[in-house]
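K.L.:
Have a look at this one.
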C-alpha cells in the first residue's frame with residue numbers, strides 16, 4: 001500500500017509518521033514484532049508491521065467520544081497527536097528464534113518502563129509471547145500478570161507456533177486463572193484443546209455470548225479477572241477473531257466472526273483501563289489481503305483505537 005498519492009491538507013493532519021522514543025516518556029509506543037516462520041498456515045505476516053504503518057497515514061487523529069445516551073453535551077473531542085505522546089520504536093530483530101524472542105521481550109520491557117501502553121505490531125500470533133512476557137517483566141513479573149485474548153482459537157497447542165502462545169506463557173509462569181479468551185468460535189478448535197482450557201481454569205467467553213451481552217459488560221468481566229493478580233494486563237488482538245468478510249487477510253478467519261466495529265470498540269474499552277500496559281495486533285498477512293487492504297486498514301484503526309483508549313483514561 002503506497003502513501004505517495006495521499007493528499008496534503010494542513011487542516012487534516014494524518015496519523016503515523018511517529019518518531020523513535022529514544023528513552024523518553026510516552027503515552028503510547030508502537031513496536032514491530034514480525035513473527036511468521038513458525039506459523040501453522042503459510043503466511044508473510046512479517047511484512048505486516050510496515051503495511052500497518054503505511055495504512056496509518058490514511059487516517060486522522062481526531063475522535064469524538066460520545067457521552068452516555070441522552071447526554072450529547074458530555075461528549076469528549078480529542079486530537080490524539082496533541083493529547084498524547086506517541087512514538088514508534090521500529091521493529092525488533094528475528095523474533096522467531098529463541099534468542100530473538102528473548103531479546104524482543106527485553107526490548108518491550110524497556111519500552112514499557114517508559115510508556116503507558118506498548119502496542120506490538122505482528123506478525124503472526126507467535127508475537128504474543130515476547131509482547132506479553134516483556135510487559136510482565138516490566139511490571140511485577142509474569143506470576144502477577146493477566147492476559148486477555150480476542151481470538152477465535154484457544155492457542156493452547158503443543159510445540160512452538162502461532163497456535164501455542166497461551167500455552168507457552170502459562171508454562172513460563174502466567175496464572176491460567178487470570179487468562180480470559182473472548183470470541184472463541186465453533187468449528188475453529190478441538191474438544192481436546194477446549195478441555196485443556198477447562199482443566200487450566202481459563203475463562204472462555206464464546207463468540208455467541210457477544211450477541212447477547214453488552215460489550216462493556218464483557219470487557220469489565222475480563223479486566224476484573226485478568227487484573228486479579230495486581231500485575232499488568234496484556235491484550236492480544238488476534239484479528240482472525242473477525243468475520244472473514246472484514247478480515248480476509250487473516251489465514252484462519254472464518255465467516256461468522258466479530259464485526260470490525262465490535263473489535264474496534266473492545267480495543268478502545270480495554271486500552272482505556274490503566275492496568276492494560278501491553279497490546280498486540282496479530283495474524284494479519286498484508287500480502288494476502290484484498291486489493292482495498294481492508295484487513296491492514298482495520299489493524300491500523302486498532303492502533304488508533306488503542307491510542308484513543310489511552311487518551312480517555314480517567
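K.L.:
Do we find a residue being assigned to a strand (DSSP E or B), farther than 25 Å from residue 105 by Cβ and free of Cβ contacts under 8 Å to residues at least 40 places away in the same chain anywhere in region 207-218?
P.N.:
No: region 207-218 contains no residue that is assigned to a strand (DSSP E or B), farther than 25 Å from residue 105 by Cβ and free of Cβ contacts under 8 Å to residues at least 40 places away in the same chain.
K.L.:
Return yes when residue 154 is out of contact with any strand residue (DSSP E or B) (no Cβ under 6 Å at 6 or more places or on another chain), at pLDDT below 95 and either in a helix (DSSP H, G or I) or closer than 27 Å to residue 244 by Cα (or both) and no when it is not.
P.N.:
Judged against the criteria, residue 154 is not a match.
K.L.:
Also, quick follow-up: Among the residues of region 186-206, count how many are touching a residue at least 24 places away in the same chain (Cβ under 8 Å) and more than 23 Å from residue 302 (Cα to Cα).
P.N.:
Counting residues in region 186-206 that are touching a residue at least 24 places away in the same chain (Cβ under 8 Å) and more than 23 Å from residue 302 (Cα to Cα) gives 11.
K.L.:
OK, next. How many residues does region 70-95 hold that are at pLDDT 95 or above and either buried (at least 21 other Cβ atoms within 10 Å of the Cβ) or in a strand (DSSP E or B) (or both)?
P.N.:
8
K.L.:
Here's something else I'd like to know. I'm trying to understand the selection: among the residues of region 1-20, which are touching a residue at least 12 places away in the same chain (Cβ under 8 Å) and surrounded by fewer than 20 Cβ atoms within 10 Å (Cβ to Cβ)?
P.N.:
Initial filter on region 1-20 (touching a residue at least 12 places away in the same chain (Cβ under 8 Å)): 1-3, 6, 12-20.
Those that are touching a residue at least 12 places away in the same chain (Cβ under 8 Å) and surrounded by fewer than 20 Cβ atoms within 10 Å (Cβ to Cβ): 1, 2, 3, 6, 12, 13, 14, 17, 18, 19, 20.
K.L.:
Let me ask you something else. I'm told residue 104 meets every condition in (1) touching a strand residue (DSSP E or B) at 6+ places or on another chain (Cβ under 7 Å); (2) closer than 15 Å to residue 281 by Cα; (3) not in a strand (DSSP E or B) except one. Can you identify the failing condition by its number?
P.N.:
(2)
K.L.:
Right, residue 38: surrounded by 15 or more Cβ atoms within 10 Å (Cβ to Cβ), modelled with pLDDT of 95 or more and touching a helix residue (DSSP H, G or I) at 6+ places or on another chain (Cβ under 6 Å) or not?
P.N.:
yes
K.L.:
Working carefully through the options 117, 40, find the one that is under 18 Å from residue 236 (Cβ atoms) and in contact with a strand residue (DSSP E or B) (Cβ under 9 Å, 6 or more places away or on another chain).
P.N.:
117
K.L.:
Further question on the same structure: Which one of these is closer than 21 Å to residue 120 by Cβ and modelled with pLDDT of 95 or more: 22, 50?
P.N.:
Just one listed residue meets the conditions, 50.
K.L.:
Kindly indicate whether residue 119 is under 16 Å from the mean Cα position of the chain (by Cα) and buried (at least 19 other Cβ atoms within 10 Å of the Cβ).
P.N.:
Answer is yes for this residue.
K.L.:
Determine whether region 257-266 contains at least one residue that is out of contact with any strand residue (DSSP E or B) (no Cβ under 9 Å at 6 or more places or on another chain) and more than 29 Å from residue 32 (Cα to Cα). Steps first, please.
P.N.:
Within region 257-266, the subset out of contact with any strand residue (DSSP E or B) (no Cβ under 9 Å at 6 or more places or on another chain) is 261, 264-265.
Of the ones still in play, those that are also more than 29 Å from residue 32 (Cα to Cα) are none.
No, the conditions are met nowhere in region 257-266.
K.L.:
Does residue 299 satisfy the condition of being surrounded by 22 or more Cβ atoms within 10 Å (Cβ to Cβ), farther than 27 Å from residue 230 by Cα and modelled with pLDDT of 95 or more?
P.N.:
yes
K.L.:
If you check residue 132 against the conditions, is it surrounded by fewer than 24 Cβ atoms within 10 Å (Cβ to Cβ) and either touching a residue at least 60 places away in the same chain (Cβ under 8 Å) or within 18 Å of the chain's Cα centre (by Cα) (or both)?
P.N.:
no
K.L.:
Being surrounded by fewer than 18 Cβ atoms within 10 Å (Cβ to Cβ), assigned to a loop (DSSP other than H, G, I, E, B) and within 16 Å of the chain's Cα centre (by Cα) is the requirement here; does residue 245 meet it?
P.N.:
When the stated conditions are applied, residue 245 does not pass them.
K.L.:
Would you point out the residue of region 267-280, among those that are within 14 Å of residue 119 (Cα to Cα) and out of contact with any strand residue (DSSP E or B) (no Cβ under 8 Å at 6 or more places or on another chain), that is surrounded by the most Cβ atoms within 10 Å (Cβ to Cβ)?
P.N.:
268
K.L.:
Scan region 274-314 residue by residue and report those that are closer than 19 Å to residue 210 by Cβ and in a loop (DSSP other than H, G, I, E, B).
P.N.:
283, the sole residue that qualifies.
K.L.:
Of these, 166, 180, 204, which one is outside any helix (DSSP H, G or I) and crowded, with 20+ Cβ neighbours inside 10 Å?
P.N.:
Only one candidate passes the filter, namely 180.
The values are calculated or read from the model by the stated rules, or taken from the named source; none is laboratory data. What you see is a predicted model, and the numbers here were worked out from it, not measured in a lab. Neighbour counts are summed over all protein chains in view; Cβ atoms, including those assigned to glycine, are modelled from backbone coordinates with ideal geometry.
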